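To start, the structure itself, in structure tokens.
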Amino acid sequence: MLEVLRSGQLSLGPMGERFEREFAAWLGVEDVVMTSSGTTALHLGVRMLGWGEGDEVVTSPFSFVASANCLLYEGAKPVFVDVEEETLDIDPAAAAAAAGERTVGLLPVHIFGYPAAMPELEALAVEHGLGILEDACEALGAVDSEGRKVGARGNLATFAFYANKQMTTGEGGMIVPRGPEEAARLRSERNQGRAVDMGWLDHDRLGFNYRLSDLAAALGVAQVEKLGSLLDRRAAVAQMYSERLGSIEGMRTPIPGRGSEVRSWFVYTVRLPQGVDRDATIARLAERGVASKAYLPCIHLFPHLRELGYREGQFPVAEAAAADSLALPFFPAMSEAQVDRVCQELTAALGQG
Ligand SMILES: *Cc1c(COP(=O)(O)O)cnc(C)c1O
């Protein structure tokens with residue numbers, strides 16, 4: 001950080017290049033392009049794939065709203081399909097059933113850090129000639145069913161570095177391009193449409209100010225260096241929770257993986273036993289001094305997506321998850337005593353304590 005301040009180059013400087021280089025090396029890809037947020041990374045991904053007016057893109061209703069909004073920015077339509085019960089990621093069979101004449105792409109979201117079924121989705125994309133944009137904003141460090149790091153399969157993929165993500169630059173994002181030409185175009189589009197070798201007032205395409213400052217990049221460099229331990233800590237906290245909550249009758253704890261799949265722990269979200277009033281549980285926990293949250297609401301039910309015709313009841317698996325999911329306090333520095341306390345209060349709030 002001080003190095004950046006002393007250099008006088010607060011944006012578009014060497015620290016940004018270093019962050020991109022070190023992040024790419026960590027992920028095991030050729031190159032990455034940093035942006036001002038996960039949302040702006042997604043927007044550039046949508047533009048790269050040329051998705052726009054009249055195009056339909058199959059995606060998940062159980063997500064953070066940015067994964068659908070990025071399509072709306074370009075006039076493309078999010079076509080939601082239901083998710084799988086165990087992973088809460090897009091169900092490839094439902095995606096296949098939804099792929100129609102106007103479908104141009106797939107936008108899977110690795111929700112809660114669980115790797116989506118990419119081999120099946122890629123096969124579907126090949127069959128129908130679809131583009132793929134992976135929203136890996138919650139999945140930094142996750143590993144898929146073929147043992148590959150999420151975001152490193154050769155598809156366009158995005159990460160986010162908002163304060164609650166596995167690593168943070170305050171605000172920030174990253175997009176993984178499919179080769180040097182895309183990388184150059186992304187660097188131009190994030191910088192008002194300037195090519196690298198152009199003057200400040202030369203613009204050869206439509207662009208945006210989606211830059212990340214070198215100050216933020218300095219935070220990113222420091223975070224990449226300790227990413228392994230950050231991720232390990234999160235996994236350890238999650239394991240403590242699951243060990244303690246697994247014995248509560250009817251409680252469904254999030255799976256850490258299946259086969260080669262490994263979740264990257266973004267949040268710790270349980271599904272409450274059937275019949276338990278989730279919102280009353282949140283209130284009872286709050287009275288006991290424990291913050292928890294209904295997480296996530298289905299995005300197809302937000303007003304601006306209802307305008308496209310979406311309604312309750314269309315995606316029963318996603319909607320059931322939205323109705324009974326509860327996010328518990330979760331951060332890497334959480335101690336065993338803190339986890340114990342949350343688990344005790346939750347047990348009491350459920351009337352079993
Ligand atoms: C955080 C997040 C984003 C957006 O990231 P920002 O940096 O907040 O713009 C997109 N998709 C998902 C699934 C996210 O969790």
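Each reported figure results from applying straightforward, stated rules to the coordinates on display, with no laboratory input. All values reported here derive from a predicted model rather than from experimental measurement. As a convention, Cβ positions derive from the backbone with ideal geometry for all residues, glycine included, and neighbour counts pool all protein chains shown.
Brief remarks on what is shown
- The base-10 log of I(q)/I(0) for region 14-71, evaluated at q = 0.19, 0.21 Å⁻¹, reads -0.81, -0.90 [Debye formula, identical scatterers on Cα atoms, solvent excluded].
- All Cα pairs of region 63-168, percent lying beyond 19 Å: 41
- For the chain, a crude dipole built from +1 on the beta carbon of Lys and Arg and -1 on the beta carbon of Asp and Glu, taken about the Cα centre, is about 860 debye to the nearest 20.
- Ordering of 146-158, 31-43, 100-112 by packing is 31-43, 100-112, 146-158, highest average first (other Cβ atoms within 10 Å, averaged per residue).
- Per principal axis, descending, Cα span of region 24-110 in whole Å: 37, 34, 22
- Annotation: peptides 165-172, 241-248, ranked by per-residue average of other Cβ atoms within 10 Å with the highest first, follow the order 165-172, 241-248.
- The calculated FRET efficiency for the pair M198 and E17, based on their C-beta separation and a Förster distance of 22 Å, comes to about 0.80.
- Ranked list, fewest to most other Cβ atoms within 10 Å of each Cβ, for D214, D204, D232: D204, D232, D214
- Remark: region 227-349 carries a charge dipole of roughly 180 debye about the Cα centre, counting +1 on each Lys and Arg Cβ and -1 on each Asp and Glu Cβ.
- Rounded tilt (10° steps) of 336-349 against the dominant C-alpha axis of the chain: 60
- Fraction of antiparallel bridges per DSSP, the chain only, in percent to nearest 5: 60
- Spin-label pair E287-R6: with each label point 7 Å from Cα along the Cα-Cβ axis, the two points sit 5.7 nm from one another.
- Going from the fewest other Cβ atoms within 10 Å to the most, the residues M198, M240 appear in the order M198, M240.
- A simple spin-label model places the labels of A294 and E312 1.1 nm from each other, with each point 7 Å out along Cα-to-Cβ.
- P(r) of the chain over all Cα-Cα pairs, binned every 20 Å from zero, in whole percent: 30, 56, 14, 0
- Only lysines eight or more places from K226 in sequence, or on another chain, were considered; those with a Cα closer than 16 Å are K165.
- Positive end of the dipole of the chain (Cβ unit charges, origin at the Cα centre): among A321, N209, A99, the Cα lying farthest that way belongs to N209.
- Computed from the C-beta positions of K226 and L72, the FRET efficiency with R₀ = 41 Å rounds to 0.70.
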